[in-house]
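Report on the following structure.
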Amino acid sequence: MITELFTAMNISGCTVPNRLVVPAMVTNTCTKDGMVTERYIKYLEEKAKGGWGLIITEDYAVNVNAKGYELIPGLYNDEQIEGNIKLTDRIHKYDSKLFCQIYHPGRQSTRLVNGNVTPLAPSAIKDPICQEPPKEMTVEEIKGIVKDFGDTARRCKEAGFDGIEIHAAHGYLISEFLSPFTNKRVDEYGGCFDNRARFLDEILEAVRKEVGNEFPVIVRISGNEYLLGGRTEAESFELARHCEEIGFDAIHVSNGMYASAPIDQVIAPMYTKHALNMEVAEQIKKLVNVPVIVTNRINDPKMADTLLKMGKADFIGMGRGSLADPYLPEKAKAGKFDNAYLSYQSSGCKGI
Ligand SMILES: Cc1cc2nc3c(=O)[nH]c(=O)nc-3n(C[C@H](O)[C@H](O)[C@H](O)COP(=O)(O)O)c2cc1C
């Protein structure tokens, strides 16, 4: 029996009608100018029709060179607002809430997709997957990107999104500052925890300045980077506590970065155990008073409900589960588990 999944919960002032979340997933279906397309809107609209409580968009670039994929959307200029108003209006015909994920890819990008500029990073260490040597950022460049996040947040609010997710996970720029694996700076942005967190602190401050304290702003973090010299759970607990203290309204627990081993990857393969982040999320939930979202290898509504009942998290993200079946929530709500189960099978688990 499902008892928890279809109960509402607030994130700041935003009432999310159920606990099923579509986490950010790049579709790469926008234009080269970062404008949303009808195809992109329809893709998200299907999920709203299917009954997901919270849909988080794919990562929006905060400036014209902040792209990890060529055809992701952006809200780095005012012309991009109109298309997103169309998107939020379409989603709001249904009960789902829509948050916009905003990011800078840092070293996990290449000149081929980001407007032919050298990727930026806290330190000039190249990512083993992207293989593009990044430029170590000057303090002036850091301040410029902090401002980009603030300006992008303002446009998100103007476009009618219900909230914002700041992407501080998966080895992208904010995560690179946070992690001792990628941040070797010796100035006020490197070294001790407080210094590595300074970029995130300044970003949230810039965002709050634009959207106010009432607008939901959540953060996505990697609970464990699974890298020798990277961040492990102990420091992620410190980070989660810090995120609540500085004013984030929810914490979304993911894992890994591009450099992590395949089994511990951001999009963990089907041979990785189910719900691999549930223990970290549970510990974080004990530590903070804001809601906790957990994602990665959860692809069955009954499993999701059980995790909620066990207190592992407050919301369950299902990425590939939602790709396989955008109607999974409606089917589970109607008790059609044999039908919803099809998505479970097709999203990567065939009896493992
Ligand atoms: C096609 C695809 C694109 C993704 N793009 C993003 C992204 O833009 N931002 C992000 O934070 N995570 C991204 N992810 C990671 C997912 O949000 C999620 O954490 C991951 O798929 C694991 O969850 P799952 O097992 O439910 O699929 C992406 C995953 C997939 C499959």
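The values are calculated or read from the model by the stated rules, or taken from the named source; none is laboratory data. Because the structure is predicted, anything quoted here is derived from the model rather than measured. Cβ sites come from the backbone with ideal geometry, for glycine too, and all protein chains shown count toward neighbours. Just the protein is used for accessible areas: all its heavy atoms, side chains included, with ligands, DNA and RNA removed. Shrake-Rupley method; radii C 1.70, N 1.55, O 1.52, S 1.80 Å.
Summary table below
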{"item": "Residue tally, condition within 13 Å of the ligand (Cβ to nearest atom) and either within 19 Å of MET310 (Cβ to Cβ) or open to solvent by less than 40 Å² (accessible area, probe 1.4 Å) (or both), over segment 266-286", "result": "11"}
{"item": "Options PHE337, PHE315: the member that is aromatic (Phe, Trp, Tyr) and under 22 Å from SER12 (Cα atoms)", "result": "PHE315"}
{"item": "Counted residues, segment 108-154 - those being out of contact with any strand residue (DSSP E or B) (no Cβ under 6 Å at 6 or more places or on another chain), surrounded by 22 or more Cβ atoms within 10 Å (Cβ to Cβ) and free of Cβ contacts under 8 Å to residues at least 40 places away in the same chain", "result": "1"}
{"item": "Test for GLY191: is it touching a Leu at 6+ places or on another chain (Cβ under 9 Å) and at positive phi", "result": "no"}
{"item": "Unique residue being within 30 Å of GLU330 (Cβ to Cβ), away from the ligand (no atom under 16 Å from the Cβ) and among the polar types (S, T, N, Q) when the list is SER96, SER123", "result": "SER96"}
{"item": "Sole exception among (1) of a type outside the set (A, V, I, L, M); (2) away from the ligand (no atom under 12 Å from the Cβ); (3) under 17 Å from PHE177 (Cα atoms) for ASP249, by number", "result": "(3)"}
{"item": "Selection from segment 1-45 of residues that are within 16 Å of the ligand (Cβ to nearest atom), assigned to a helix (DSSP H, G or I) and under 20 Å from the mean Cα position of the chain (by Cα)", "result": "TYR40, TYR43, LEU44"}
